[in-house]
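Here the structure comes first, spelled out in structure tokens, and everything after it is commentary.
The values are calculated or read from the model by the stated rules, or taken from the named source; none is laboratory data. The structure displayed is predicted, hence computed values, not measured ones. All Cβ positions, even for glycine, are placed from backbone atoms using ideal geometry, and neighbour counts span all protein chains on display. Heavy atoms of the whole protein, side chains included, go into the accessibility calculation; ligands, DNA and RNA do not. Shrake-Rupley method; radii C 1.70, N 1.55, O 1.52, S 1.80 Å.
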Amino acid sequence: MSKILSGKEVSGRIKSELKEQTEILKKNNIFPGLAVILAGDDPASRVYVNNKKKACEEIGIYSEEYTFSSDVTEDEILDLIDELNKKDSISGILVQLPLPKHIDEKKIINSINPKKDVDAFHPVNVGKIMTGNYDFVPCTPAGIMELIKESDIDITGANCVVVGRSNIVGKPMAMLLLHQNGTVTICHSKTKELKEVTKKADILVVAVGIPNFVTGDMIKPGAVVIDVGINRMPDKKLVGDVEFETAEKVAGAITPVPGGVGPMTIAMLMKNTLKAAEINAKKGVNR
Ligand code: NDP
């Protein structure tokens, strides 16, 4: 039986620390604010946005939500971001992805002021993550690093395998593990003999978006297994990319779905919003 890395529990602790920090910031006349932009009618995105707003309320962060229908134009979103970039009460801007297909996601992300880019998707922030000199870390990989800290495995020298190479999870995850001296392998849909690679992992992070993709026989005994996947099954049940039942018999520590990486992602978004408020207060958003 493996240790359960409960994101619900750890994120709860982090959020209460962030609540205290928010109070201190407010006493110093720094008022963090998050703007969330949602376009289209993806039900999962709606749930994520609601959870983000709820977390802001819990911590004491001011939030604004902007909702557009799926026929919104690119210019409408760009105009709003331009306005939010200049707005003093807003320290962080988050555009909930995916956007409707006719919108160029890259163009939208590139229009966010990097100092308000709390998702850390802007090329300036992506570049900073490469060099290890960063202000914001993408929320999901940042949350995963916190969860790994809760396990007994030291990242230094560990074989770390990341399955998935998306810009929002796989690639930044690999960089963070590398900065902590992990020996990192990134796998993707063209990787040959995947099982041979995953079986060597001391730390295995799975972000593929396929339900129950990694099974117990693909895991090294005692490994830390981080399941990023959130897949809604036809019976409405949420499952991860790792088959929990077989994996937990082999792993040393494992994240559940739900209650693992998901709540950590939101806690890290809150952390980035506070950081943005501090940065913008010190340097000003336009400097
Ligand atoms: P993407 O679809 O952007 O990327 C999936 C990655 O998986 C790709 O790199 C793809 O490879 C790889 N892949 C697909 N099939 C295979 C295969 N057979 N073998 C090996 N690799 C494969 O997904 P995301 O990174 O955005 O998300 C992944 C999952 O994580 C989803 O379930 C998503 O819902 C969840 N998620 C959860 C979050 C949370 O807070 N818990 C936050 C963000 C995402 P290739 O590049 O070759 O196509």
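For the reader, a short list of remarks on this structure follows.
- Per residue solvent-accessible surface (Å²) - the chain, probe of 1.4 Å: 48
- Residue-wise HN-Hα coupling along segment 224-235, computed from phi with Karplus coefficients 6.51, -1.76, 1.60 (Hz; x: Gly, Pro): 8, 10, 10, 9, 8, x, 10, 10, 8, 7, x, 7
- Each residue of segment 30-40 is assigned a 3J(HN,Hα), and the resulting list reads 10, 10, x, x, 10, 10, 10, 10, 10, 10, x Hz, derived from the Karplus form 6.51 cos²θ - 1.76 cosθ + 1.60 (θ = phi - 60°), x at Gly and Pro.
- With the charge dipole of segment 1-138 set up from +1 on Lys and Arg Cβ and -1 on Asp and Glu Cβ about the Cα centre, the Cα lying farthest toward the positive end among the listed residues ILE108, ALA55, PRO98 is that of ALA55.
- To put it simply, the accessible area of segment 229-283 at a 1.4 Å probe is 59 percent carbon and sulfur.
- Placing a pseudo-label 7 Å from each Cα along the Cα-to-Cβ vector at ASN231 and ASP104 gives an inter-label distance of 3.4 nm.
- Amide H contacts of ALA251 (H built 1.01 Å from N, under 5 Å, at least 5 apart or other chain): GLY222
- Accessible area per residue (1.4 Å probe, heavy atoms of protein chains only) ranks VAL257, VAL47, VAL242 as VAL47, VAL257, VAL242, with the largest value leading.
- Amide H within-cut-off set for ALA201, under 5 Å, with H built and near neighbours excluded: LYS220
- Of the peptides 205-214, 265-274, the ranking by mean beta-carbon count within 10 Å, highest at the top, reads 265-274, 205-214.
- Annotation: peptides 95-102, 217-224, 131-138, ranked by per-residue average of other Cβ atoms within 10 Å with the highest first, follow the order 217-224, 131-138, 95-102.
- Within the same chain, aspartates and glutamates fewer than 8 places from LYS116 are excluded, and of the rest, those with a Cα less than 16 Å from its Cα are GLU64, GLU65, ASP79, ASP82, GLU83, ASP88, ASP135, GLU278.
- Counting only protein heavy atoms and a probe of 1.4 Å, the accessible surface of segment 172-211 is 52% carbon and sulfur.
- LEU97/MET1 FRET efficiency (R0 30 Å; Cβ-Cβ; nearest 0.05): 0.25
- Dipole magnitude of segment 1-94 about its Cα centre (Cβ charges: Lys, Arg +1; Asp, Glu -1), debye to nearest 20: 860
- Computed in the context of the full set of protein chains, the accessible area of segment 1-141 at 1.4 Å probe radius has 52% of its extent on carbon or sulfur.
- Computed from backbone phi with θ = phi - 60° and the Karplus coefficients 6.51, -1.76 and 1.60, the 3J(HN,Hα) list for segment 240-245 is x, 8, 10, 6, 4, 4 Hz; x is used for glycine and proline.
- Pairs exceeding a 30 Å alpha-carbon distance, out of LYS3/LYS106; LYS8/LYS275; LYS27/LYS171; LYS171/LYS249; LYS190/LYS275: LYS3/LYS106; LYS27/LYS171; LYS190/LYS275.
- Around the Cα centre of segment 238-287, unit charges on the Cβ atoms of Lys, Arg, Asp and Glu (plus for the first two, minus for the last two) sum to a dipole of about 660 debye.
- Once the convex hull of all Cα atoms in segment 200-287 is built, its volume per residue stands at 135 Å³.
- Accessible surface for GLU23 stands near 100 Å², nearest 10, in the context of the full protein assembly shown (1.4 Å probe).
- If you plug the beta carbon distance of ASP75 and SER45 into 1/(1 + (r/R0)^6) with R0 = 22 Å, you get a FRET efficiency near 0.55.
- Sorted on the mean count of surrounding Cβ atoms within 10 Å across their residues, most packed first, peptides 187-200, 149-162 read 149-162, 187-200.
- Think of each Lys and Arg Cβ as +1 and each Asp and Glu Cβ as -1; about the Cα centre, that makes the dipole of the chain roughly 580 debye.
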